[in-house]
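Okay, so here's the structure we're looking at.
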Amino acid sequence: MKTRLPALLLSFVSLAAAGAGTGGVPLADPFILLHDGVYYAYGTGGSQGFPVYVSDDLGTWEKAPAPALAKTDSFGEKQFWAPEVYYRRENNTFYMFYSAEEHICVATAESPLGPFAQKNKRPMLDEKAIDSTLFIDDDGKAWLFFVRTRGANVIWGAELSDDWETINMASAKKCVQASLPWERVQGNVAEGPSVFKRAGVYHMLYSANGYTSRDYGIGLATAKTPLGPWMKFEKNPILQNPEPALAGVGHGAPFWDKNGNGFYVFHAHFSPQKIHPRRMYVAPMKIGGGGIEIDKTKIIIPRLLKDNAAGAGISLEWDGRMEFVTHGGYGRVKKLSTGEIALVYSGGPAKGTAVYIRKKKTGAAWGKPVRVAMPEKPVSSGENPDYRYVNSEMIELADGRLFYTWNARPVVRDGHLPYKIMGAFSSDGGATWGAGRDLYVAGKTWKTGCWEPCPLQIPGGGLQVWFSDESTTPDGDQNITVLRSPDNGVTWLKPVVACYRKGHRDGMPVPVLLQNNKGLVFSIEDNGMWENAKKNALQPVIVRPFFNVLNGEWSGVVDGASPRRWHALAKPLPPETYAGAPCLIQLNTGETLLSVQSNEGRVRVPERKGLCANLRVYIGDAGAKNFANPATPFPDLPQSVHALWNSLCQIDNDTVIAVSTVSGLPRENGIYIATAKISRAAGADSKNKSEKQTPPKISPLENAGGTFGPSFSSAGAGAWPEMEWFAPGILHGNSDHLRPNSFGASDYYTRGNYTIWMREDRMPADAPQSKLHWPLGQSTVGMQLIATGHTGADACMAWDVESYSNLYKATNDPHCLETAAILLHNTKAMDGYPGGNRGPGWRQEHCRMNRPRGRHRAWLPWVTASQLRGINDLADSHPELYRQLCTATGNQL
């Protein structure tokens, strides 16, 4: 069956019309790595190391904010050429082979984005050599091909050590050198090799002529062993000087896309008249007929997404109104999966003594506040509590619970009680909360305290809490520390430091897991970004931590000189301008927004202490860089009034709100909200638009061994009672809310980035009514699923009870509640629970099958262990709903 290329790749660019200098990614000697569904492009492109570009579709690319390899982590000071990156699954490590100062080197990293670094900053060979490329044979043997530059550029190959870091030069052998007329138009050069194997034949693609020549081109050689002898293809060059637009094409690498289609990535001169900066191009590649064909008619110019806010294609139109919500401070707003908007904040009977949550439906009034926590010591006349609870923040977890964090600050500022980070959970949407728990305890003084916690859940369910910490730094310094829980809050690991600039203050972190596998970044306020200022005012900075999202590992601290720390604003503010307390979010269309409290354009008023800051909101790109186009949501705020401790939240596809604590007004000081409409440039595509999805076809009687079904006696044949069979399946979706759609006989739901659909089929009766342990009219859902044997249906039953309960909580759809109740009843009945392991549910399996399976008269323990997990998970996560379901089904334990 032929595989269709992605639609984007079918729209090939007319090079003659476009011109070689337009668009494109500015890389020479390019190499593309496909890893976990994401494309990474590396190449020659800078004097400070190697940049890396990221793409989901090969057509559009974004430059990563930090280099893959910085020269501070490598051998050499210049001539950084031709990097290639390979992933080694055995040790979960990425290897970059590259040249620096005409010596070949290898560096490693835990992520394709880097940072790559050399353990020992020395080359792999003492002699000059460039353009190294790795080949792994079928037997796992590693070979390295490279170019020796002694008088002429000649391609050699040699065995590589098992650790991929040492070349066995005793095995080295000359492979390909320039000898034919087309190869020697300019110079005596054969370089840029890449090797792969197909059908027992080794293929080497290489480049010939000097790279400055417009006749630089690509040839092919084949061999029966890795070190040859190599025979050049009779139809060489396979790509050279494709008229009329490209010149100097060469030094690339083959790769295969997500669908298994072959491509060749290469560079070309900027234009027929100008060499630099060279650009990256991609062309389809076919193997066959004893050679390789690169389709010159379908060369693709990858499009670089510019890293600036103007390219984002959006603007925010603030309505200029100030909506008063409540007395209190430090408001944070979140959109929940139920469609509700939740506001968390601090307030209380004594100033700042408790933390609260209020919720509302879009367009409705705010509900009554629910107190999440307050210090145990009661507040009485003339007496203050031991602590003030401030810095509220909250997230919704994947299992539906809410996780609330706050900062406990002693009322007696120094020497009385320790400063703490605390947290609590709610399993009922915020109506009730568990007891507050100490997550981190710092020192007992203002200068050894901890502040501003912000929670985050990462893929795989790990829970993190980010906060500012002074308990482990010198006096006056502050770092960003992260708490981690691998089991969603049951246990917490030793904290790690994410970033620290010695002699300065990193503060107020807000982490964001960027879309499309772009990694984790966080915003902070930093007072050390200006080299010529010992301590400038706090300003917004974005940091990419040394954190591997895939495995949850940390590998270092981002210091003040790291390229992983950069000015958030495209045009940084003057060193003396204050713009602190940044809050970062990403829109569902990819753009990022950043709010700060800033004194830009504000005047100090003698009767008001502080900076008289106002709320400012900036628009950035999908990589959380180059924030620009600032707006002031409260434009009419008097100079003597503060708007501090801001946050942002996207409410729907077209609406964003900003929250700020306003003080200095004659009355009604507290939390205010401003609203903005998102305006998109004409023709801008909105990623969040829902696309109609068709559920896949699933056979209810399919397993790894084939398809089978019950064989029935004549008494039961032809009877097809209407009984529901639910098959939950997971599909990717783009909707940010949950709603039903109709697909014939299926019920279809979309929640977050997942789709769960339930299909109903008619099930046959297998015996007369009088002989059925499960008579007609009684659901056979669980029983029929188990009868299919070792299939995905068996596994999914383990979480159905809890999952449909969560769906009910998210949608209030009674159909989901009924389904959860049926599954709870059937699972218990099938397991004979309580009352032994030979309940009537198992005897329904005793009918004959088309494919002989015997008669299961005994208990199947692997099923019981699996199914009980779904019940136990529900009992743990939603005890009240579990009791309700037990009552509804008459199966109380």
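In terms of packing, defined here as the mean over residues of other Cβ atoms within 10 angstrom, the peptides 65-76, 220-231, 103-114 line up highest first as 103-114, 65-76, 220-231. Here the stretch 60-140 is treated with +1 on each Lys and Arg Cβ and -1 on each Asp and Glu Cβ, and its dipole about the Cα centre works out to around 400 debye.
Calculated FRET efficiency, residue 57 and residue 629, Cβ-Cβ r, R0 35 Å, to nearest 0.05?
Taking R0 as 35 Å, the efficiency between residue 57 and residue 629 is 0.80.
Would you work out which of 209, 226, 182 lies farthest towards the positive end of the dipole of the stretch 167-238, given +1 charges on the beta-carbon of Lys and Arg and -1 on that of Asp and Glu, about the Cα centre? After comparing all options, I get 226. The packing ranking of peptides 129-136, 361-368, highest mean first, is 129-136, 361-368, where packing means the average number of other beta carbon atoms within 10 angstrom of each residue. Remark: the residue 576-residue 412 segment gains 55.8 nm on full extension, using 0.36 nm per residue and subtracting the alpha carbon distance.
From the C-alpha coordinates alone, can you work out the Kirkwood hydrodynamic radius of the stretch 563-645, in Å?
13.5
Taking the average, over residues, of other Cβ atoms within 10 Å as the packing measure, peptides 662-668, 343-349, 629-635 rank 343-349, 629-635, 662-668 from highest down. Filter 71/128; 360/571; 121/173; 368/677; 119/518 down to the pairs with a C-alpha to C-alpha distance above 29 Å, please. With Cα atoms farther than 29 Å apart: 360/571.
In terms of accessible area, using a 1.4 Å probe and ignoring ligands and nucleic acids, 371, 198, 616 rank largest first as 371, 198, 616. Extension gain, residue 137-residue 600: 0.36 nm per intervening residue step, less the Cα-Cα distance, totals 160.6 nm.
The values are calculated or read from the model by the stated rules, or taken from the named source; none is laboratory data. The shown structure was predicted, so the numbers you read here are calculated from the model rather than taken from an experiment. Backbone-built Cβ (ideal geometry, glycine too); neighbour counts: all protein chains shown. SASA here: full protein model, heavy atoms, side chains in, ligands and nucleic acids out. Shrake-Rupley method; radii C 1.70, N 1.55, O 1.52, S 1.80 Å.
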